[in-house]
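Scroll down for the structure; my scribbles are underneath it.
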Amino acid sequence: MKLTLKIWRQDGPTAEGAIHTYQLDDVSPDMSFLEMLDVLNEQLNAEGEEPIAFDSDCREGICGMCGLMINGDAHGPEVTTTCQLHMRSFSDGETITIEPWRSEAFPVLKDLVVDRSAFDRIIQQGGYISVNTGSAPEAHSVPVPRDDALRAFNVATCIGCGACVAACPNGSASLFMGAKITHLGELPQGQPERDSRVVNMVAQHDHEGFGGCTNIGACTAACPKEIPLDVISQLNKDLRTAIKHGH
Amino acid sequence: MDMPDTVTAAEASLSGFLDGDYDDAVGYYTPGTPLVDTKAPDGPIAERWQNRKLEARLVNPSNRRKLSVIIVGTGLAGASAAATLGEAGYNVKAFCYQDSPRRAHSIAAQGGINAAKNYKEDGDSVHRLFYDTVKGGDYRSRESNVYRLAEVSTNIIDQCVAQGVPFAREYGGLLDNRSFGGVQVSRTFYARGQTGQQLLIGAYQALERQVAAGTVSTYTRHEMLELITVDDKARGIVARDMVTGEIQTHLADVVVLASGGYGNVFYLSTNAMGCNVTAAWRAHRKGAYMANPCYTQIHPTCIPVSGSHQSKLTLMSESLRNDGRIWVPKNQADCDKDPRDIPEEDRDYYLERIYPSFGNLVPRDIASRAAKNVCDEGRGVGPEVDGVRRGVYLDFASAIERLGEQGITEKYDNLFDMYERITGENPFEVPMRIYPAVHYVMGGLWVDYDLQSTIPGLFVTGEANFSDHGANRLGASALMQGLADGYFVLPHTIRDYLADGPFEEITEDHPAVVEARESVKGRIDHFLSVNGTRSVDSYHRELGNIMWEYCGMERTETGLKKAIDLIRSLKDDFYRNVKVLGGAETLNQSLEKAGRVADFFELGELMCIDALNRRESCGGHFRGESQTEDGEALRHDDEYAYVAAWEWAGEDSIPVLHKEDLVYTAIEMKQRSYK
């Protein structure tokens with residue numbers, strides 16, 4: 001395959017960025033999208049142009065490190081992570097536009113690399129269960145209904161990649177937050193801190209500059225782990241309950 | 001690349017056993033003094049850990065905040081330790097090269113985590129888990145450490161459940177268990193195929209809770225590039241801020257390396273792209289011994305390489321071998337045919353043929369080696385990469401007939417989808433293709449019973465140390481070891497060391513600190529100034545090919561010696577001809593890789609020397625010269641029942657070998673057989 005690649009390049013956090021155009025020949029449909037970029041980078045390096053910076057680590061769809069806007073879609077045309085996208089999803093002669101995540105709360109560090117540390121700071125405000133090492137009771141002392149455990153698991157599969165934010169016209173992280181609120185809220189262990197968790201996480205979310213949710217659903221459509229939209233309903237419900245409780 | 005002459009070497013060896021007393025690695029190393037004191041307590045094995053915890057001195061809570069701890073790596077072993085030490089009140093700095101601690105490669109573990117809970121009442125116990133682990137490690141691990149691992153395994157499950165880890169449960173609401181990796185009891189806890197992710201998120205959340213509490217500071221996108229030792233004690237690290245390029249000095253009372261394994265020395269592995277040996281290797285060069293570096297685990301069921309662009313390999317659960325039948329064509333001429341057109345009589349179900357009683361379920365190393373052998377014979381399938389087809393069929397046709405597509409889907413969840421996404425082939429229609437890939441390393445920095453390296457004040461946890469898995473790790477035991485070390489072992493042993501602190505304050509202008517920082521800057525300047533013609537990746541790929549060919553599934557004296565020569569000359573060329581563009585004071589991924597590959601060269605050479613020295617086959621290490629007449633691994637307990645701990649002797653010197661004898665008091669050594 002031959003491709004025309006239009007790629008966002010930006011020298012640093014404060015530098016001006018621009019779209020650069022590159023030609024790439026001999027792309028195999030069996031390459032992953034990131035391997036295609038590896039090949040381009042080898043070509044650039046050989047030509048004396050600095051390779052394009054982009055994030056990736058596990059390259060098997062689970063670490064959440066990779067993430068690119070591909071032709072305007074977070075993670076591209078398939079429901080998967082960028083690293084699990086393969087070139088057979090594109091056709092010979094195609095022009096592909098590649099940009100970093102778009103969100104004010106995810107500033108660009110260089111080229112296609114963004115700073116997602118806002119997610120860590122949201123978790124710091126309550127995305128956990130307070131239990132010190134060694135103080136846990138015997139694991140079987142609290143049974144958890146299987147359906148609750150399943151729902152908790154299904155939303156705990158969030159990989160924190162940020163595609164939901166990148167896809168959202170408001171730049172909201174409600175899906176990310178709702179997934180954590182629902183995961184911990186479904187379990188008996190998560191109940192004692194349920195009210196404070198949602199209140200503090202939402203406050204941090206807003207403080208970071210993420211936008212509000214207006215129920216568009218672009219987040220869940222872009223989510224490589226298919227986190228359902230109802231976690232945002234759960235988030236709102238928990239928030240209402242917490243406020244009723246005087247938080 | 002020429003193939004090693006394995007047949008000749010094997011023949012030579014079979015006759016050679018009678019002569020005994022080999023020293024294949026003579027000239028490649030210097031014999032050193034034995035490692036005698038592992039600090040493992042005496043007494044009955046079941047009481048040793050209790051005794052050690054009792055003897056380890058305590059640190060007064062009000063003193064803990066005056067003590068500082070650096071932890072490098074935030075996978076299971078690092079995040080759990082950082083959280084626990086933060087909770088205890090120490091001042092912790094946690095470093096990771098990823099953009100968040102949650103991304104460490106523990107996240108990719110699929111299968112599960114072992115624990116001796118005996119919830120199934122099927123005869124499991126701490127002792128049985130201990131026994132299985134030592135046996136699985138082919139009697140090359142330290143028994144005191146392994147017993148402790150089995151002992152604390154049950155606490156891990158309690159802790160994780162309390163954190164909200166969503167393990168699979170039964171209808172009654174209790175935890176489900178499965179049997180894993182050929183053991184006869186069901187002791188594996190799991191969260192569908194994403195157990196590592198869920199455990200890591202639990203540890204990450206505990207870590208972030210401590211960040212909010214002010215006890216832990218995280219340094220993401222930071223890479224440790226040097227260890228700082230003062231008066232022979234570990235006192236800090238030099239790290240590079242990977243965004244600004246700033247070279248930083250971080251000083252502390254103690255340093256913990258939880259920096260994972262070095263499987264990426266093979267270039268292609270199931271490790272994440274960023275996994276590297278630099279933190280461990282820099283410590284090695286400062287005096288930490290590297291133990292059993294040649295022990296590598298190669299996993300038989302990975303998706304094969306599709307072309308020279310391949311950047312990493314993906315593992316598929318080996319449970320697939322329960323229903324899939326492995327075969328290649330009998331005739332080379334059939335290798336590029338559609339497999340569905342190859343009649344039954346022209347197929348070679350080679351595992352069923354060679355190992356009739358275990359068939360497709362032979363252990364990982366045997367299945368892997370057999371696949372390599374048939375491909376080396378030219379009977380591999382799939383695309384030709386560099387002139388060879390490296391793949392074998394894993395055929396579900398008969399299982400689909402028996403269980404139906406629905407039954408297979410229920411049993412293997414998303415594995416069939418994952419395969420199709422990567423290869424573009426539907427395994428319900430065409431047989432899967434698989435090939436072995438490097439997956440885990442059992443070797444690592446040598447540690448004593450306290451998980452302390454040979455540098456006082458440098459502790460090593462998780463895959464980065466060597467201690468618990470011997471020559472081969474059992475499935476679902478990596479997660480167990482990472483969390484055991486971080487939650488339940490290190491926090492007790494490190495306090496005994498810290499009880500002597502806080503240590504004398506040092507400043508950034510201390511000569512040892514300045515020297516460490518300058519050496520880092522010197523290396524960076526060198527890489528950026530060579531301005532040669534080859535990319536870092538091209539060197540890494542070539543190194544990986546050498547390692548895979550000569551220090552992979554089967555090692556021989558001639559092959560290893562050849563590999564050492566090849567690595568040495570490639571390393572020379574790298575320093576003279578590498579091309580790293582961009583600057584030092586910016587995000588520069590080529591520069592990051594250059595530093596890692598430079599350390600992989602030195603590690604790769606040591607791995608070959610270690611493999612050369614160990615003229616026996618054990619676990620993941622198979623020497624062509626040491627096999628039975630049937631081609632099975634042959635251990636030599638009389639000569640090699642020791643840990644090979646290597647000391648760095650300087651840039652232009654050969655390493656020094658220190659041996660720690662392995663003594664088993666609670667278990668009897670046996671030779672395994674799978675025929």
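Among residues other than residue A:217 whose Cβ falls under 15 Å from its Cβ, what is the net charge (Lys/Arg +1, Asp/Glu -1)?
Working: positive: none; negative: A:73, A:226, A:230.
My count for the surroundings of residue A:217 gives -3.
So which helices of chain A fit the span-like rule, where a helix is a whole DSSP H run, its Cα atoms reach 24 Å or more along the axis, and its mean Kyte-Doolittle is at least 1.6?
Details: long enough: none.
Qualifying helices, which must be both long enough and hydrophobic enough, do not occur.
Output the antiparallel fraction of DSSP beta bridges having both residues in the range A:1-154, as a percent to the nearest 5.
Values: 15 of 19 bridges.
The answer is about 80 percent antiparallel.
Evaluate E = 1/(1 + (r/R0)^6) for residue A:240 and residue A:22, where r is the Cβ-Cβ distance and R0 equals 51 Å; express this FRET efficiency to the nearest 0.05.
Numbers: r = 50 Å, r/R0 = 0.98.
It comes to 0.50.
Accessible area of residue B:445, 1.4 Å probe, to the nearest 10 Å²?
In the full protein context, residue B:445 sits at about 0 Å².
Probe radius 1.4 Å, ligands and nucleic acids ignored: give me the carbon and sulfur share of the accessible area of the protein assembly as shown as a rounded percent. Working shown, then result.
Values: 15130 of 32140 Å².
The nonpolar share, carbon plus sulfur, comes to 47 percent.
Between the chain alone and the structure with every protein chain in place, find the residues of the range A:186-213 that drop at least 20 Å² of accessible area; heavy atoms, 1.4 Å probe.
A:187, A:189
Run the paramagnetic zone check for residue B:573: 7 angstrom along Cα to Cβ, then residues of the range B:520-559 with backbone nitrogen under 15 Å.
B:532-547
Multiply the residue separation of residue A:47 and residue A:150 by 0.36 nm, subtract the distance between their alpha-carbon atoms, and state the gained length in nm to one decimal.
On the way: separation 103, 0.36 × 103 = 37.08 nm, distance 5.18 nm.
Computed gain between residue A:47 and residue A:150 is 31.9 nm.
From the phi of every residue in the range B:504-509, what ³J(HN,Hα) in whole Hz does the Karplus formula 6.51 cos²θ - 1.76 cosθ + 1.60 yield, where θ is phi - 60° and glycine or proline is x?
3, 5, 10, 10, 5, 9
For the residue pair residue B:384 and residue B:668, what label-to-label distance in nm results when each label sits 7 Å from Cα along the Cα-to-beta-carbon direction?
Simple spin-label model gives 5.5 nm for this pair.
Using only Cα atoms and rounding to the nearest 10 degrees, what angle (0 to 90) does helix B:126-136 make with the longest principal axis of chain B?
60 degrees
According to a simple spin-label model (label point 7 Å from Cα along Cα-to-Cβ), what is the distance in nm between residue A:71 and residue B:244?
In this crude label model, residue B:244 to residue A:71 measures out at 4.1 nm.
Return a whole-number percent for the relative contact order of the range A:117-244, with Cα pairs under 8 Å and 6 or more residues apart as the contact set. Display every interim value, and only then the final one.
Details: 163 pairs, mean separation 44.8, N = 128.
Relative contact order for the range A:117-244 comes out at 35 percent.
Starting from 0.36 nm per residue, how many nanometres of slack lie between residue B:65 and residue B:121 once their C-alpha separation is accounted for? Kindly include the intermediate steps, with their values, before the conclusion.
Values: separation 56, 0.36 × 56 = 20.16 nm, distance 4.42 nm.
Length difference between fully extended and current span is 15.7 nm.
Specify whether the C-alpha gyration tensor of the range A:90-140 places it in the rounded, prolate or oblate class, a ≥ b ≥ c being the square roots of the eigenvalues: rounded for a/c under 1.5, otherwise prolate if a/b is larger than b/c and oblate if not.
Working: a/c = 5.18, a/b = 2.36, b/c = 2.19.
Judged from the Cα gyration tensor, the range A:90-140 comes out prolate (a/c at least 1.5, a/b above b/c).
Amide H neighbours of residue A:63 under 5 Å, counting only residues 5+ apart in sequence or on other chains, H built in-plane at 1.01 Å?
When sequence neighbours closer than 5 places are left aside, the close amide H contacts are A:58.
Would you please classify the overall shape of the range B:298-439 from the alpha carbon gyration tensor, given that a ≥ b ≥ c denote the square roots of the eigenvalues, rounded means a/c under 1.5, and beyond that prolate means a/b larger than b/c while oblate covers the rest? Could the numbers behind the result be given before it?
Working: a/c = 1.26, a/b = 1.11, b/c = 1.14.
It is rounded, given that a/c, with a ≥ b ≥ c, falls under 1.5.
I want the local charge near residue B:39. Using Cβ-Cβ distances under 12 Å, sum +1 for each Lys or Arg and -1 for each Asp or Glu among the other residues. Please list the in-between numbers first.
Numbers: positive: B:48, B:52, B:142; negative: B:37, B:42, B:55, B:448, B:450, B:496, B:660.
For residues surrounding residue B:39, the net value is -4.
Under a 1.4 Å probe, what is the accessible area of the range A:117-244 per residue, stated in Å²?
About 38 Å² of surface per residue is accessible.
Once a ≥ b ≥ c are taken as the square roots of the eigenvalues of the Cα gyration tensor of the range B:328-401, is the result rounded (a/c under 1.5), prolate (a/b larger than b/c) or oblate (a/b not larger than b/c)?
Details: a/c = 1.80, a/b = 1.16, b/c = 1.56.
Oblate, since a/c reaches 1.5 and b/c is not below a/b.
At 7 Å along the Cα-to-beta-carbon direction for both residue B:171 and residue B:518, put a label point, then send me their distance in nm to one decimal.
The two pseudo-label positions are separated by 7.3 nm.
Summing +1 for each Lys or Arg and -1 for each Asp or Glu, what net charge is found among the other residues whose Cβ lies under 10 Å from the Cβ of residue B:133?
Net local charge, residue B:133 excluded: 0.
Tell me the Rg and the Dmax, in Å, that the Cα atoms of chain B produce.
In Å, with Rg to one decimal and Dmax whole: 24.3, 76.
Using a 7 Å offset from Cα along Cα-Cβ at residue B:184, what residues in the range B:354-397 end up with backbone N under 16 Å from the label point?
B:358
Considering amide H positions built from the backbone, and no H for Pro or chain starts, which residues 5 or more places from residue B:254, or on another chain, come under 5 Å of its amide H?
Here the answer is B:68, B:70, since their amide H atoms fall under 5 Å of that of residue B:254.
How many percent of Cα pairs in the protein assembly as shown exceed 39 Å?
Details: 163644 of 424581 pairs.
That fraction is 39 percent.
Only Cα pairs under 8 Å and at least 6 apart count here; give the relative contact order of chain B as a rounded whole percent.
Reported relative contact order: 22 percent.
Kindly tabulate the residues in the range B:270-293 with an accessible-area decrease of at least 30 Å² between the chain alone and the assembly of all protein chains, using a probe of 1.4 Å.
B:273
Quick one: buried accessible area between A and B, total over both chains, 1.4 angstrom probe, nearest 100 Å²?
6100 Å²
Could you work out how much longer the chain between residue B:353 and residue B:630 gets when fully extended? Use 0.36 nm per residue separation minus the Cα distance between them, nm to one decimal.
98.4 nm
Please compute the per residue accessible area over the range B:268-401 with all protein chains in place, 1.4 Å probe, rounded to a whole number of Å². Present the calculation step by step, with values, prior to reporting the outcome.
Working: 4340 Å² over 134 residues.
Per-residue value: 32 Å².
What are the residues whose amide H is under 5 Å from the amide H of residue B:228, where those residues sit 5 or more places off or on another chain and H is modelled from the backbone?
For residue B:228, whose amide H was placed from the backbone, the distant partners under 5 Å are B:235, B:236, B:237, B:238.
In the structure displayed, which of B:53/B:286; B:39/B:233; B:330/B:372; A:180/B:411; B:562/B:593; B:286/B:562 lie more than 21 Å apart, Cα to Cα?
Numbers: B:53/B:286 29 Å; B:39/B:233 18 Å; B:330/B:372 15 Å; A:180/B:411 28 Å; B:562/B:593 26 Å; B:286/B:562 28 Å.
Pairs exceeding 21 Å: B:53/B:286; A:180/B:411; B:562/B:593; B:286/B:562.
Estimate the FRET efficiency between residue A:138 and residue A:216 by the formula 1/(1 + (r/R0)^6), using the beta-carbon distance for r and 41 Å for R0, to the nearest 0.05.
Working: r = 45 Å, r/R0 = 1.10.
FRET efficiency, residue A:138 to residue A:216: 0.35.
Could you give me the ³J(HN,Hα) list for the range B:446-461, computed from phi with Karplus coefficients 6.51, -1.76, 1.60 and θ = phi - 60°, whole Hz, x at Gly and Pro?
Per-residue couplings from phi come out as 5, 10, 8, 4, 7, 6, 9, 7, 6, 9, x, x, 10, 9, 9, 10 Hz.
Over the range B:44-93, with the other protein chains present, what is the accessible area per residue in square angstrom, probe 1.4 angstrom?
For the range B:44-93, the solvent-accessible area averages 40 Å² per residue.
Can you give the accessible area of residue B:500 in Å² (nearest 10), computed on protein heavy atoms with a 1.4 Å probe?
Accessible area, nearest 10 Å²: 90 Å².
Tabulate in residue order the Karplus-calculated ³J(HN,Hα) for the range B:110-123, using 6.51 cos²θ - 1.76 cosθ + 1.60 with θ = phi - 60°, rounded to whole Hz; enter x for Gly and Pro.
For the range B:110-123, the Karplus curve yields 9, x, x, 9, 7, 7, 8, 6, 6, 5, 8, 6, 10, x Hz.
Taking all pairs of distinct Cα atoms, average 1/r, flip it, and tell me the Kirkwood hydrodynamic radius of the range A:138-247 in Å to one decimal place. Each step should come with its number before you reach the end.
Details: mean 1/r = 0.0699 Å⁻¹.
Its Kirkwood hydrodynamic radius stands at 14.3 Å.
The values are calculated or read from the model by the stated rules, or taken from the named source; none is laboratory data. Quantities reported herein were computed from a predicted structural model and do not represent experimental measurements. Glycine gets a Cβ as well: all are built from the backbone with ideal geometry, and neighbour counts include every protein chain shown. For the accessible areas, the whole protein counts, side chains as well, though only heavy atoms, and no ligand, DNA or RNA atoms are used. Shrake-Rupley method; radii C 1.70, N 1.55, O 1.52, S 1.80 Å.
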